[in-house]
Every structure is written in structure tokens, then in C-alpha cells.
There are 2 protein chains.
Amino acid sequence: MRALVLDPEPLVRNDYPDPKPGAGESLIRVRMAGICGTDLELARGYMNYRGIPGHEFVGEVAGGAGAMPLGRRIVGEINAACGRCHFCLANLGRHCPNRTVLGILGRNGAFAEYLTLPDRNLVELPDSIPDELGVFVEPIAAAYEIFEQVHLGRNERILILGDGRLGALVGLVLWAEGYDPLIGGHHAEKLDLLTALSLKTELQQHLRPGFDTVIDCTGKANGLQRAIELVRPRGRIILKSTAAVSSELNLAPLVINEISVVGSRCGRFAPAVEALASGKLDPRPLISALYPLAEAPAAFAAAGDSENFKVLLKIE
Amino acid sequence: MRALVLDPEPLVRNDYPDPKPGAGESLIRVRMAGICGTDLELARGYMNYRGIPGHEFVGEVAGGAGAMPLGRRIVGEINAACGRCHFCLANLGRHCPNRTVLGILGRNGAFAEYLTLPDRNLVELPDSIPDELGVFVEPIAAAYEIFEQVHLGRNERILILGDGRLGALVGLVLWAEGYDPLIGGHHAEKLDLLTALSLKTELQQHLRPGFDTVIDCTGKANGLQRAIELVRPRGRIILKSTAAVSSELNLAPLVINEISVVGSRCGRFAPAVEALASGKLDPRPLISALYPLAEAPAAFAAAGDSENFKVLLKIE
């Protein structure tokens, strides 16, 4: 099959072996996939990943154990958990220590014609959600994860740090849920687009400290340091950025100001599918470009261009 | 008066000007004081502090506004707040942006014959609490602060990282409140003493990951990194260490494992005074040495010796 392979440079291969579903797994034909900041970090060496990246996708069932009918359009939760450990039994398979993670850890991902996932990871996609909307289910679920972890007060002053893909999606999700966050970023043109989507925005250099909650979506190792500067004493930072590199960090203000930091990663798919199906959330204006899989390296380059939001791959 | 002055090296001066209490302040004759890890960090350049350090003390009222009778034995909360700002009105003067902090920020401290503090900072010390116990009120209040910030479950596996002064006090406070934490440290002799005080202990190299809550009391900039290694996914880290230096930190595990970090600093004095008065908590076995103020530099050296717990100064 055709696939994009990280070795660690992104390279398209046309002779990659088709995956074979294991017990309890389905074979999925990928229809469309989204490039995420994590994919770019993997190409920079994050997680020492070798293989096919990609974890945001819409596909259709093409074979396997048969829990879903052939041809059914699906999205898939990316953590393939053991189902037996302490975390799995607590419904926290996303933290299963034995897990593989689609396109990130021990399991080939979605930038290919086919992938495999456990049947229990598959979530049917309603007809009302077209492919180019369905590829947003995974990152939107990651945004909804915030609500599973903390209680955001209705009157909180919320800052989203970073005007990239993730910051924009977190902003749209918070707005859809009735909050009015401020998005702080470095790119005037991107902030203009977000303003046109009803979001409040501000150039980073104009931000003043005192936010109740700062959500770091910078994707940069130094994002936490900047968040510490901008949050009020006793405030809260939600850390969404994963970066390949370490960062020099002065933690004293975190202790002196008794700040809380909450690491936040993947979320359940159900709230994301519901939000997209209801129409209260439509991130399609964030699509900057659509490339065929054969041009995936160019798509990676476009996704790494700070002028772009979301770059999609069409798998044909 | 006689005083220990950081410039930044610790130096005893016998001609330091007596402090004059401002409006609403009392003049306090210091009776006894304790040396804390923060004092050692100040001497290493933390906060760029110049002046008299010391914030753990027992004194007696010697003049001033007269809210308390002369001669009354007291301890004093260390944050001198403005009383008018948003934080002060929310009873969080410890986070007042206009505050001075005794012996740490803009206000001379307790390693001297006299100090001044606002009347509202003074807390009467019951006769049942002798000076060498009363000097522990401030750090014990800092340990009780944990209960003001988070809910510790009765069955949590709690690790206290660091077998120094702060780790030992946090351990004794948690034990007094019905918890059974494990203290992990590098010093077998100190761990033996803590074991004799009924605490569970373990050498750091024998610790295995999986704790629900890790309380970093290492006082080291890399304490957070070690805590991240030892806490379970979705677990909690309470950060008590303040260090003068920055540290290289890889934050990806914090996001991947959705760990929470809570910075924790000073606490209210009332719970600490109550605990000491009730007898359920007696940290006096942690006293390693008592020096006169004239020998304060030697006392600083002793406090910096990792074999020692608490070093006190007697002010005569």
C-alpha cells in the first residue's frame, strides 16, 4: 500500500506491506487524515518514532473481526489499551501502561491507505459529519478533555496561549460551550481569522498578567514559562503542549504564587462527535490545504508553516 | 542591635540600626529563630535578597502600636499585606501583590534582636508551647497549607520526596492527621531518625513509580523531574521546593500522563498552633543544634550540612 513513513524524515513509499488486523481488530481503509503538531514533533525526533504517523482520520471498515459492517464510516480512538489492567478497568485505557497509540507509539498510523485498530476503538460517524469535518474529532476530543479534568467557572478570565491548530480548536470548543476565552498569539493574520470566527484575540506582546486560567497550546517547550508569567496567583495552567525538546524552567514563581498545572492529552470521542453533529461547532474554516497522500512531504512542510492552520491528506 | 546580614554572604553585625515600627506595626524582641532551606537559598542569591534573613521565630512584644500587651509571647505570619487589594479582601494576603515578606522580600527578618511586623500578623503563643517548639509554627503552617489546597484521600499512596527539614515536617504533619506517607531520601541516618518517629521511609534509589501523590520537598530544582517519574498517570504532585536555580525539564510526560502539579507555599498559623498545643505533633526530635546569634554563620554552615535537620538560633 501507499504510506508516509518517518525514518525519521517523512518519505512516501508505494510498497509498504498492508497491515493485518489482530484478534478483535478491524482493518480500516483511510479516507482522510489531518496533520497535527505532534506529527511534526515526531518528525523532529519526539518519542523516537519510526513508522507511519497520523492519528486524526476518517476511514471505513474494510475487514477484520466484523464488529462493524464493511463500508461503515468511522473514526477511531487512538489508544489501543490492554483492557485488563487497573487503568483499563477504571475506564482510563488512555493511560493503560501496555497501550499502543495510533501513529505515535508502537502502532502504525493513518497516513496510509490502511490501518488497524481494536474494534472497541471504533466510533461510527453520522452521515451529517462529512470527512473534512470528521478528521477534527480527535483534536476536538482532546479539547473536550479539559472539561473532564477541571471545572471552568463561567466568569473566569481564560487565556489560550498559541494561535495554532490546537489553540484555535480549544478556542472554538470553549466558545461553543459558552465560554469567552482570549486567544493570544504571534500571527496577526491567524488572529484575524479567529476574530472572524467570533473569538477574542490579542497579540502576545500586548497580553497582561492576571488570567484565572491559561491554556498552553503553544506546542513550544517554553510555553509553560510564559503561562506562569500570565496566570494570577492561585490560578491554573492547563498544559496541552508536547514538545520533543526540554526547556530551562524557573519553578520558583509556581510555588510562590501557588499555581496549579494540569497536563491534558487525549479525550473521549463521544462529546466531540456530538458537538460536530449538533452543528454548534464547525472548525472547517481552519482548513488551510488538502493534499493527496502522494504529496504528503509537501503537506508536512505546509503544516509546519506558521501561516497555516490545518492541513489535510486525502487518501485515494 | 546585633543581626545577621546577607550581603549576600552571611555576616554578623553588632551595630545594625534598631527597626522602628510603622503605623499599625509592633516592635518584636526575637527570642528564638529557625534556619530554613529558603534562608540557605537566599544566601545563594535566591530573590536577590539583601538584608536580615529569617522568617521562623518566637518573639515577645517590645513596643509599637499596642494591639498586644508588652511582653506577650508571639509568633508572626510572614506576609505583610496591604489589606486593601483583591487578594487581601479574599483573605489571601499571602498573595497580596503589594506585600513584603519577613526576611525574604523588602522586610528585614528574624535573625536579629528585633524585628517589626503588622499587628494583624501576630499570633499569641500559648504557654504550653515553649520557644523551641514555637519556632516550628511557620514551617508547620506551610505543611498544613497542603490541606487548604487539595483533598488527600485516606487510602492514597503518598510519597514525600526529600528527607530534609521540610520533608520531615510534612511527614510528621501528615502522620498527625492520620495519613501514612512514605518519605524517600538519600540519607540513611536521617531516614533512621524518621523511622524512629513512626514514619515509613525508603532510600530514593529503591523507590518504584506509581504513587497517587508525590510531595516534592527536595529543595532542589530537579525535584519536579524526579516527582514526574514517580507519580502515577493522572496523579498529583505538590511542589514545595523553591530553588535559586532553573532546571532543564522535559514536560512531555506531564502532558502524556495528565499529571497535576500544585505549587504550595505558606499557610495560616492557626492550624499549626493548634496542632502543637494539642501535643499530636512534636517536631523537637528534629532539632540538630542550637547556636547563639553571634555564631550565626556557623549555624548557617550547620544548617547546610545534609546530615542535620533543624538548626536554631537563640537570640540573647
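The values are calculated or read from the model by the stated rules, or taken from the named source; none is laboratory data. Here the structure is a predicted model, which is why all the values come from computation and not from measurement. Cβ: placed from backbone, ideal geometry, glycine included. Neighbour counts: every protein chain shown. Accessible surface areas use protein heavy atoms only, side chains included; no ligands, DNA or RNA. Shrake-Rupley method; radii C 1.70, N 1.55, O 1.52, S 1.80 Å.
If I filter the stretch B:226-238 for residues that are in contact with a helix residue (DSSP H, G or I) (Cβ under 9 Å, 6 or more places away or on another chain), at the interface with chain A (Cβ under 7 Å from one of its Cβ atoms) and part of a strand (DSSP E or B), do I get at least one hit? Write out each step before concluding.
Taking the stretch B:226-238 as the starting set, the residues that turn out to be in contact with a helix residue (DSSP H, G or I) (Cβ under 9 Å, 6 or more places away or on another chain) are B:226, B:228-229, B:232-234, B:237-238.
Okay, now just the ones that are also at the interface with chain A (Cβ under 7 Å from one of its Cβ atoms), so B:233-234.
Now restrict to residues that are part of a strand (DSSP E or B): B:233-234.
The answer is yes, given that some residue of the stretch B:226-238 is in contact with a helix residue (DSSP H, G or I) (Cβ under 9 Å, 6 or more places away or on another chain), at the interface with chain A (Cβ under 7 Å from one of its Cβ atoms) and part of a strand (DSSP E or B).
Restricting attention to the stretch B:199-210, report how many residues are within 14 Å of chain A (Cβ to nearest Cβ) and either within 19 Å of B:Gly153 (Cβ to Cβ) or touching a residue at least 60 places away in the same chain (Cβ under 8 Å) (or both).
Residues of the stretch B:199-210 that are within 14 Å of chain A (Cβ to nearest Cβ), as a first pass: B:208-210.
Retained after the next criterion (residues that are either within 19 Å of B:Gly153 (Cβ to Cβ) or touching a residue at least 60 places away in the same chain (Cβ under 8 Å) (or both)): B:209-210.
The number of residues fulfilling the criteria is 2.
So which residues in the stretch A:75-87 are touching a helix residue (DSSP H, G or I) at 6+ places or on another chain (Cβ under 9 Å) and farther than 24 Å from A:Pro126 by Cα? Before the answer, list the steps.
Keep residues of the stretch A:75-87 that are touching a helix residue (DSSP H, G or I) at 6+ places or on another chain (Cβ under 9 Å), which gives A:75-83, A:85, A:87.
The answer is A:Ala81, A:Cys82, A:Gly83, A:Cys85, A:Phe87.
The conditions are (1) of a type outside the set (A, V, I, L, M, F, W, C); (2) assigned to a helix (DSSP H, G or I); (3) open to solvent by 10 Å² or more (accessible area, probe 1.4 Å), and B:Glu156 fails exactly one of them. Which is it?
With respect to (1) of a type outside the set (A, V, I, L, M, F, W, C); (2) assigned to a helix (DSSP H, G or I); (3) open to solvent by 10 Å² or more (accessible area, probe 1.4 Å), B:Glu156 is out only on (2).
Being part of a loop (DSSP other than H, G, I, E, B) and more than 7 Å from every other protein chain (Cβ to nearest Cβ) is the filter; apply it to the stretch A:244-266 and report the residue that is farthest from B:Ala221 (Cα to Cα).
Applying the first criterion (part of a loop (DSSP other than H, G, I, E, B)) to the stretch A:244-266 yields A:244-246, A:250-251, A:257-259, A:264-266.
Within this subset, residues satisfying the condition of being more than 7 Å from every other protein chain (Cβ to nearest Cβ) are A:244-245, A:266.
On the way: A:Ala244: 21, A:Val245: 18, A:Cys266: 29 Å.
Result: A:Cys266.
Do the conditions hold for B:Gly93, that is, is it out of contact with any Phe, Trp or Tyr (no Cβ under 7 Å at 6 or more places or on another chain), of a type in the set (Gly, Ala, Ser) and assigned by TED's automatic domain parsing to the domain that holds B:Phe111?
On the way: out of contact with any Phe, Trp or Tyr (no Cβ under 7 Å at 6 or more places or on another chain): no; of a type in the set (Gly, Ala, Ser): yes; assigned by TED's automatic domain parsing to the domain that holds B:Phe111: yes.
Here the answer is no, as B:Gly93 does not meet what is asked.
Looking only at the stretch A:246-268, filter to residues that are open to solvent by 20 Å² or more (accessible area, probe 1.4 Å) and in contact (Cβ under 8 Å) with a residue 60 or more places away in the chain; which one of those is nearest to A:Ile78 (Cα to Cα)?
By that ranking, first place goes to A:Arg268.
Which residue is modelled with the highest pLDDT, if the candidates are limited to the stretch A:267-314 and must be part of a loop (DSSP other than H, G, I, E, B) and in contact with an Asp or Glu (Cβ under 8 Å, 6 or more places away or on another chain)? If you could, list the steps in order and put the result at the bottom.
Keep residues of the stretch A:267-314 that are part of a loop (DSSP other than H, G, I, E, B), which gives A:267-269, A:279-283, A:304-309.
Keeping just the survivors that are in contact with an Asp or Glu (Cβ under 8 Å, 6 or more places away or on another chain) gives A:267-269, A:307.
Details: A:Gly267: 91, A:Arg268: 91, A:Phe269: 95, A:Glu307: 89.
The qualifying residue modelled with the highest pLDDT is A:Phe269.
When you scan the stretch B:211-218, do you find a residue that is touching a residue at least 40 places away in the same chain (Cβ under 8 Å), part of a loop (DSSP other than H, G, I, E, B), crowded, with 24+ Cβ neighbours inside 10 Å and polar (S, T, N, Q), even just one?
Filtering the stretch B:211-218 for residues touching a residue at least 40 places away in the same chain (Cβ under 8 Å) gives B:211-218.
Checking the rest, the ones that are also part of a loop (DSSP other than H, G, I, E, B) come to B:217-218.
Right, trim to crowded, with 24+ Cβ neighbours inside 10 Å and you get B:217-218.
Okay, now just the ones that are also polar (S, T, N, Q), so B:218.
The answer is yes; a qualifying residue exists.
Condition test on B:Gly219, is it on the phi > 0 side of the Ramachandran plot and either within 14 Å of the chain's Cα centre (by Cα) or away from chain A (no Cβ under 11 Å) (or both)? Full working, then the answer.
Values: on the phi > 0 side of the Ramachandran plot: yes; either within 14 Å of the chain's Cα centre (by Cα) or away from chain A (no Cβ under 11 Å) (or both): yes.
It is true that B:Gly219 is on the phi > 0 side of the Ramachandran plot and either within 14 Å of the chain's Cα centre (by Cα) or away from chain A (no Cβ under 11 Å) (or both).
Looking at the stretch B:48-63, can you tell me whether even one residue there is open to solvent by 30 Å² or more (accessible area, probe 1.4 Å), under 22 Å from B:Leu169 (Cβ atoms) and modelled with pLDDT of 95 or more?
So in the stretch B:48-63, the residues open to solvent by 30 Å² or more (accessible area, probe 1.4 Å) come out as B:48, B:50, B:60, B:62.
Imposing the further condition that a residue be under 22 Å from B:Leu169 (Cβ atoms) reduces the set to none.
Within the stretch B:48-63 (the criterion being open to solvent by 30 Å² or more (accessible area, probe 1.4 Å), under 22 Å from B:Leu169 (Cβ atoms) and modelled with pLDDT of 95 or more), the answer is no, since none of the residues qualifies.
Can you find even one residue in the stretch B:69-86 that is over 19 Å from B:Ala270 (Cβ atoms), in a helix (DSSP H, G or I) and outside the structural domain of B:Ala168 (by TED's automatic domain parsing)? Show your work before the answer.
Step one: filter the stretch B:69-86 for residues over 19 Å from B:Ala270 (Cβ atoms), giving B:69-71, B:82, B:84-86.
Filter once more, keeping what is in a helix (DSSP H, G or I): B:86.
Among the residues that remain, those that are also outside the structural domain of B:Ala168 (by TED's automatic domain parsing) are: B:86.
For the stretch B:69-86, residues over 19 Å from B:Ala270 (Cβ atoms), in a helix (DSSP H, G or I) and outside the structural domain of B:Ala168 (by TED's automatic domain parsing): present.
Does A:Asn79 satisfy the criteria of being within 14 Å of chain B (Cβ to nearest Cβ), polar (S, T, N, Q) and open to solvent by less than 30 Å² (accessible area, probe 1.4 Å)?
Values: within 14 Å of chain B (Cβ to nearest Cβ): yes; polar (S, T, N, Q): yes; open to solvent by less than 30 Å² (accessible area, probe 1.4 Å): yes.
In short, yes.
Does the stretch A:131-151 contain at least one residue that is in contact with a Cys (Cβ under 6 Å, 6 or more places away or on another chain) and open to solvent by 10 Å² or more (accessible area, probe 1.4 Å)? Before you say what the answer is, go through the steps one by one.
To start, the set of residues in the stretch A:131-151 that are in contact with a Cys (Cβ under 6 Å, 6 or more places away or on another chain) comprises A:142.
Next cut, open to solvent by 10 Å² or more (accessible area, probe 1.4 Å) only: A:142.
So far as the stretch A:131-151 goes, yes, one or more of its residues are in contact with a Cys (Cβ under 6 Å, 6 or more places away or on another chain) and open to solvent by 10 Å² or more (accessible area, probe 1.4 Å).
Just for the stretch A:133-153: of the residues that are part of a helix (DSSP H, G or I) and either over 17 Å from the mean Cα position of the chain (by Cα) or of a type in the set (Phe, Trp, Tyr) (or both), which one is nearest to A:Phe309 (Cα to Cα)?
Taking the stretch A:133-153 and keeping what is part of a helix (DSSP H, G or I), we get A:133-134, A:137-149.
Okay, now just the ones that are also either over 17 Å from the mean Cα position of the chain (by Cα) or of a type in the set (Phe, Trp, Tyr) (or both), so A:144, A:147.
Values: A:Tyr144: 19, A:Phe147: 24 Å.
This residue is A:Tyr144.
For the stretch A:17-27, what are the residues that are within 14 Å of A:Phe111 (Cα to Cα) and open to solvent by less than 40 Å² (accessible area, probe 1.4 Å)?
Step one: of the stretch A:17-27, the residues within 14 Å of A:Phe111 (Cα to Cα) are A:17-19.
A:Pro19, the sole residue that qualifies.
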